[in-house]
Amino acid sequence: MSTPTIAPVIELAGLTKAYNIGTPVETEVLHGIDLSLAEGEFAALIGPSGSGKSTLLNIIGLLERPTGGRLSIGGRDTARLSEAEITQLRGRSIGFVFQFHHLLPAFTAVENVMMPTIIARGAADDEAEAMALSLLDAVGLKAHAYKKPSELSGGQQQRVAIARALGLKPRLILADEPTGNLDTHTADDIFALLREFNRQTRCACLIVTHDPRLAERCDRIVRLVDGHIAGPV
Amino acid sequence: MKLRLPFAPLVALRFLREGRMQTLLILAGTTGGVAVIVFLTQLITQLQAQIVDRVLGSQAHVVIRPTEEANRRAIDDQGFATLVEPRAQRLRSVDQWENIARLAADMEGVTAVSPVVTGPAFAVRGQANKSVALMGVDAERYRRIVRMEEYMVAGRFAVDGTRAVIGSELAKDLGIRLEDKLRVALPNGRDEQLQVGGIFDIGNKDLNRRWVFVTLPLAQSLLDLPGGVSNLDLTVADIFEAQAVADRLKGATGLTVDSWMQTNAQLLAALRNQTVSNNLIRSFVVIIVALGIASVLVVSVVQKQKEIGILRAMGASRSMILQIFLIQGAVVGAVGSLFGSLLAFTLLNVFSSIYRNADGSPLFAAELEPRFILMAALVATLVGLASALIPARRAARMDPVQAIRS
């Protein structure tokens, strides 16, 4: 485990999350999470279903706000940020890879990869397209750049999703079971790709996985049980 | 260099293209709605213009007459029982008519002034006599009030000496042809032998039977109005401003000034009612089109839930999502108005070839004024935008996590 010398990419302190607050069915799913991830760190987040993995990932990804505790991204306390700042921070510093890839079916592979750039800059430009093409090249899909997601296989779609997550050179990549619906061979490929980019760009990665084989190959394993961090295995 | 659309229009157009059937259906609905509105508006505008044109084809826009004579009490009516009899209105001249005519001609909005002397007479030929209205005019000036030259069936609209112009019905009744003689006799005992130099058909049998045009001096002497005129006929630039012009003239001269809008009050009321019902139909069509666009977009928001979530996760703000759906509404409206105008043009062509006047000419022209197309485009785009508002706000408010999970 590396010892961070600079501010960690993410830092969670006593973070809690509850749903249906103030109603009889109020449920707390995360009970005081302390976690930090340094630049270049490649961590697996594991735990049984319903342990709060996805919720934790969504909170770190700024898609949901925590109920209590503190979440800092790149040293900025997110509680003080406005909705617009949160959206901007999410777009510029976090790359998502979802379980079911979640590509936009109406757009070609290269357009999907460019989309975060289009959102950040307002429109695509030649530089963004060149960048997207080189990313697709890096994931081995240059020949399929102008195909729609429906024309690609599951593994290819997930690779496009990874290329998309890397488009704006994020400092943090969050992947929610990126290999969940792929065969072992393809899963290994995708995992290797993520690992490769992690080495190249020194971005921090937090990967939710059910596959102990893949978790073993991460720098660090964070195990979540019933909303608590159970510590490294 | 490729065309690179900004984010919101890019996604909006892609969503519309992806929605194929839905997009086609809603475009068809908008097209139909716009076509109905444009078609109706153009048709009714044209028909109304024609009716007004026909009505005004045989009358002046504004007529100045002498004030009516009234009996006045010489003494206060307090304590006296009085019976005031209305006076019979004799034929009188407009006082100082040359000055009044000059004043009217200089008035803003007045394009032509023509002095007219008119009074009752009998047209006599052999044993037959018909009651007519003798019209003393200056043919040149009167042409600018009523386009007589367009109605001539024989000869020319010109009066000179004892040459006169009569209507086709009178000619038929008295068996008169061009250059035939005709005697007019007046109640005051005067009479004159006229020569018919022109026959008109103004499209109104009554007027075709009654109007006998002669020169101004001849009518003046026959009607005992030497140097005088019984009324001044005016043409105004904007026919619907006629009443305003009449009011101003009345204020300036103190004479009786009537506009065609007063003399044809019923026609005007009918036209207004037609306009109101047309507006009612148009409003309902607009509402139906708006509901159509809104309902399709509501469905689209639900279908695109996941995509909205992905876009939000990639940093798209709420307002960007809002824009995507507003643009879709506006695009449907704008494109629908384009197709709708084309359809309306086709309809106008088809119907103008089906519906014809008694004389076989088309009832209305198959033309579409650009201002109606512009109006339709503007209204449809705004309606599209407005109807997209609710779905767009729903999309913008969507929780990205829920959206992605669903």
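Odds and ends about this structure:
- When A:Ile162 is tested against (1) β-branched (Val, Ile, Thr); (2) out of contact with any strand residue (DSSP E or B) (no Cβ under 7 Å at 6 or more places or on another chain); (3) under 30 Å from A:Gly75 (Cα atoms), just one condition goes unmet, and that condition is (2).
- Residue match in the range A:142-152 (condition: within 12 Å of chain B (Cβ to nearest Cβ), among the basic types (Lys, Arg) and surrounded by fewer than 19 Cβ atoms within 10 Å (Cβ to Cβ)): yes
- All helices (runs of 4 or more DSSP H) inside the range A:105-188 with 3 or more residues being over 30 Å from A:Ala215 (Cβ atoms): A:109-121, A:126-138
- Given (1) away from chain B (no Cβ under 14 Å); (2) assigned to a strand (DSSP E or B), index of the condition A:Ala79 fails: (2)
- For the range B:149-159, a residue qualifies if it is touching a helix residue (DSSP H, G or I) at 6+ places or on another chain (Cβ under 7 Å) and either of a type outside the set (A, V, I, L, M, F, W, C) or within 22 Å of B:Leu222 (Cβ to Cβ) (or both), and the qualifying residues are B:Phe157, B:Ala158, B:Val159.
- Of the set (1) more than 20 Å from B:Asp206 (Cβ to Cβ); (2) under 32 Å from the mean Cα position of the chain (by Cα), all apply to B:Phe157 but (1).
- Residue, surrounded by the most Cβ atoms within 10 Å (Cβ to Cβ), within the range A:119-132, restricted to residues that are within 7 Å of chain B (Cβ to nearest Cβ) and under 18 Å from B:Arg312 (Cβ atoms): A:Ile119
- Residues (under 19 Å from A:Phe100 (Cβ atoms) and either assigned to a loop (DSSP other than H, G, I, E, B) or among the basic types (Lys, Arg) (or both)) located in the range A:189-223: A:Thr209, A:His210, A:Asp211
Let's see how each residue does on (1) closer than 29 Å to B:Glu241 by Cα; (2) modelled with pLDDT under 85; (3) aliphatic (A, V, I, L, M); (4) surrounded by fewer than 17 Cβ atoms within 10 Å (Cβ to Cβ):
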| position | (1), (2), (3), (4) |
| --- | --- |
| B:Gln50 | yes, yes, no, yes |
| B:Glu69 | yes, yes, no, yes |
| B:Arg73 | no, yes, no, yes |
| B:Asp76 | no, yes, no, yes |
| B:Phe80 | no, yes, no, yes |
| B:Arg90 | no, yes, no, yes |
| B:Asp106 | yes, no, no, yes |
| B:Thr111 | yes, no, no, yes |
| B:Ala128 | no, no, yes, yes |
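- Single match in A:Ala165, A:Ala187, A:Ala175 (criterion: within 23 Å of A:Glu127 (Cα to Cα) and surrounded by 20 or more Cβ atoms within 10 Å (Cβ to Cβ)): A:Ala165
- In the range B:328-345 there is no residue that is more than 14 Å from chain A (Cβ to nearest Cβ), assigned to a helix (DSSP H, G or I), under 30 Å from A:Asn58 (Cβ atoms) and of a type in the set (A, V, I, L, M).
- Pairing each residue of the range A:84-97 that is surrounded by 17 or more Cβ atoms within 10 Å (Cβ to Cβ) with any residue that is in a strand (DSSP E or B) and among the acidic types (Asp, Glu), provided the two are 6+ apart or on different chains, yields C-beta distances under 8 Å for A:Phe96/A:Asp176; A:Val97/A:Asp176.
- Residue match in the range B:361-381 (condition: under 30 Å from A:Gly61 (Cβ atoms), more than 14 Å from chain A (Cβ to nearest Cβ) and part of a helix (DSSP H, G or I)): no
Residue-by-condition table, conditions (1) within 14 Å of chain A (Cβ to nearest Cβ); (2) surrounded by fewer than 18 Cβ atoms within 10 Å (Cβ to Cβ):
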residue: B:Ala8; (1), (2): yes, no
residue: B:Val11; (1), (2): yes, no
residue: B:Arg17; (1), (2): yes, yes
residue: B:Leu27; (1), (2): no, no
residue: B:Gly32; (1), (2): no, no
residue: B:Ile37; (1), (2): no, no
residue: B:Gln46; (1), (2): no, no
residue: B:Gln59; (1), (2): no, yes
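- Scan of the range A:51-92 for residues that are of a type in the set (Ser, Thr, Tyr) and over 23 Å from B:Lys306 (Cβ atoms), ordered by number: A:Ser51, A:Thr67, A:Ser72, A:Thr78, A:Ser82
- Pairs, first charged (D, E, K, R) in the range B:144-161, second part of a loop (DSSP other than H, G, I, E, B), C-beta under 8 Å, six or more apart: B:Arg147/B:Gly57; B:Glu149/B:Arg143; B:Glu149/B:Arg156; B:Glu149/B:Phe157
- Residue list for the range B:273-325, filter: of a type in the set (A, V, I, L, M, F, W, C) and within 14 Å of chain A (Cβ to nearest Cβ): B:Ile308, B:Ile310, B:Leu311, B:Ala313, B:Met314, B:Ala316, B:Met320, B:Ile321, B:Leu322, B:Ile324
- Unmet criterion (only one of (1) farther than 20 Å from A:Leu152 by Cβ; (2) in contact with a helix residue (DSSP H, G or I) (Cβ under 8 Å, 6 or more places away or on another chain); (3) surrounded by 17 or more Cβ atoms within 10 Å (Cβ to Cβ); (4) within 13 Å of chain B (Cβ to nearest Cβ)) for A:Pro116: (1)
- Against the test of being on the phi > 0 side of the Ramachandran plot and assigned by TED's automatic domain parsing to the domain that holds B:Phe39, the options B:Gly360, B:Gly384, B:Gly340, B:Gly329 yield a single qualifying residue, B:Gly360.
- Qualifying residue in the range B:171-180 (condition: touching a Phe, Trp or Tyr at 6+ places or on another chain (Cβ under 6 Å) and either more than 23 Å from B:Leu232 (Cα to Cα) or at pLDDT 95 or above (or both)): no
- Residue match in the range B:139-153 (condition: closer than 11 Å to B:Arg210 by Cα and within 30 Å of the chain's Cα centre (by Cα)): no
- Which listed residue, of B:Ala316, B:Ala366, is farther than 23 Å from A:Ala120 by Cα, in the same structural domain as B:Ile26 (by TED's automatic domain parsing) and touching a residue at least 12 places away in the same chain (Cβ under 8 Å): B:Ala366
- Any hit, the range A:44-62, residues being more than 13 Å from chain B (Cβ to nearest Cβ), touching a Cys at 6+ places or on another chain (Cβ under 6 Å), of a type outside the set (S, T, N, Q) and surrounded by 21 or more Cβ atoms within 10 Å (Cβ to Cβ): yes
The values are calculated or read from the model by the stated rules, or taken from the named source; none is laboratory data. On a predicted model such as this, the values are computed, not experimentally measured, just so you know. Neighbour counts run over all protein chains shown; Cβ positions are idealised from the backbone, glycine included.
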